[in-house]
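Enquirer: Just dropping this structure here.
Readers should treat all values here as calculations from the given coordinates under stated rules, not as data from a laboratory. What you see is a predicted model; the values in this text were computed from it and never measured. Here the Cβ is made from the backbone with ideal geometry for all residues, glycine too, and neighbour counts use every protein chain on show.
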Amino acid sequence: MVQEEFVSKILEVLSPMPDVTAIKSKGHIVLYKDGVMFGKIIEQNVLLLSKNNKFIEVDTELITRLLKP
C-alpha cells in the first residue's frame, strides 16, 4: 500500500472525529485535531502522542484489523 493510500485509510478510520487534518512534514505525516497535534504517521506506522508528550506506536495488528475492507 502506498503512503497516500495508507494515510487516506487512517483518516477514514478517524473520520468520526471532526476536524482531523493530516499535514506532510519532513519524512512523515502529522495528525492534528482542531489545530493540536495528536499523532503522526511514519511509513506504515501510526504513532499517537501520550499525555507525557511521548509518541507511542499503535499496534500494527490493530491497524491491520482496522484497515480490512
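Enquirer: Where residues in segment 1-36 are aliphatic (A, V, I, L, M) and in contact with a helix residue (DSSP H, G or I) (Cβ under 9 Å, 6 or more places away or on another chain), which of them is surrounded by the fewest Cβ atoms within 10 Å (Cβ to Cβ)?
Expert: Met1
Enquirer: Just to verify a result, which residue in segment 37-69, among those that are β-branched (Val, Ile, Thr) and under 15 Å from Leu14 (Cα atoms), is surrounded by the most Cβ atoms within 10 Å (Cβ to Cβ)?
Expert: Val46
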